[in-house]
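This report concerns only the one structure given below.
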Amino acid sequence: MIVQACINGARPADFHSASPLDPEAMARDAAASIAAGAAELHVHARGADGRETLAPEAMDRTVAAIRRACPGTLIGVSTGAWIEKDDLRTLVAISGWRELPDYASVNLSETAAPVVMESLRQRGIGIEAGLASTADAERLVGLDHGGRVLRVLIEVSEQAIDQAFAVADGIETVLERADIRRSILLHGENATVWPFVERAAARKLSTRVGLEDGKELPDANVAGGNAALVAAAVAIYRAR
């Protein structure tokens, strides 16, 4: 079990005053998150204009800065289709990375997921298979990648707790029936962040927290930043 820190995501600059949006800020924030108890990092690189990008220059600079600040820590990135808004640009960008992340998340809901996964695999980059629905889970099974991914990322966007839990249960059922036995990282977003942290801890699964997923602490107060969110999640795990 681990707590992963997702330090920025696609959030705009005004989401939180402590959102890290350049390599140096991400490196400082990553180090603080690791000190607070995070075991791994998930980051979204930004270009000079502040927008998300997979472009090699920005990705290389970001990954290198975080590696210097957090030596030995696994670093993950996103390959979300919304970032480059073009499947070919996404693949070209991945082929040009020089400072390779340890793993990358791939959303199975996206059309180009199979080819993106193969591109990452050819470069020796691990894959977090992002599943937001039972259809995503079935697709993973059908692609025969279930046994070859680093882990499964169950990430539920539904905000009603009962509905969100039902979706997560459905995904796990599909994986179990297909005998896909990879580690699972379970997380929610916004209203479901902490219910899913509690659920993951109770089930001895990994989870993640950070400003990508939400900015409030379990008591509904706004966190000072990613380190505070990580510390709160770690405390939940330690209480089990």
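Before moving on, here are some points about what is shown:
- Within segment 197-210, the only residue that satisfies the criterion of being out of contact with any helix residue (DSSP H, G or I) (no Cβ under 7 Å at 6 or more places or on another chain) and assigned to a strand (DSSP E or B) is Arg208.
- Exactly one residue among Arg199, Arg139, Arg177 is out of contact with any Gly (no Cβ under 8 Å at 6 or more places or on another chain), basic (Lys, Arg) and under 23 Å from Cys6 (Cα atoms), and that residue is Arg199.
- Number of residues in segment 102-118 that are among the charged types (D, E, K, R) and not in a helix (DSSP H, G or I): the value is 2.
- Sole residue being out of contact with any Phe, Trp or Tyr (no Cβ under 7 Å at 6 or more places or on another chain), hydrophobic (A, V, I, L, M, F, W, C) and open to solvent by less than 10 Å² (accessible area, probe 1.4 Å), chosen from Val92, Val63: Val63
- Restricting Val197, Val230, Val222 to those that are surrounded by fewer than 20 Cβ atoms within 10 Å (Cβ to Cβ) and of a type outside the set (D, E, K, R) reduces the list to Val222.
- Lone qualifier among Ala48, Ala10 - being farther than 28 Å from Arg238 by Cβ, open to solvent by 40 Å² or more (accessible area, probe 1.4 Å) and touching a His at 6+ places or on another chain (Cβ under 7 Å): Ala10
- Scanning segment 132-148 turns up no residue that is within 30 Å of Gly72 (Cβ to Cβ), in a strand (DSSP E or B) and in contact (Cβ under 8 Å) with a residue 24 or more places away in the chain.
- Number of the exception - Leu175 against (1) touching a strand residue (DSSP E or B) at 6+ places or on another chain (Cβ under 9 Å); (2) open to solvent by 50 Å² or more (accessible area, probe 1.4 Å); (3) in a helix (DSSP H, G or I): (2)
- Pick from segment 131-154, criterion buried (at least 23 other Cβ atoms within 10 Å of the Cβ) and under 13 Å from the mean Cα position of the chain (by Cα), ranking: nearest to Leu41 (Cα to Cα): Leu153
- Answer from Asp213, Asp169 - the residue that is modelled with pLDDT of 95 or more, open to solvent by 10 Å² or more (accessible area, probe 1.4 Å) and outside any strand (DSSP E or B): Asp169
The values are calculated or read from the model by the stated rules, or taken from the named source; none is laboratory data. These numbers come from a predicted model, not from an experiment. Heads up, the Cβs are rebuilt from the backbone with ideal geometry, glycines too, and the neighbour counts pull from every protein chain shown. For the accessible areas, the whole protein counts, side chains as well, though only heavy atoms, and no ligand, DNA or RNA atoms are used. Shrake-Rupley method; radii C 1.70, N 1.55, O 1.52, S 1.80 Å.
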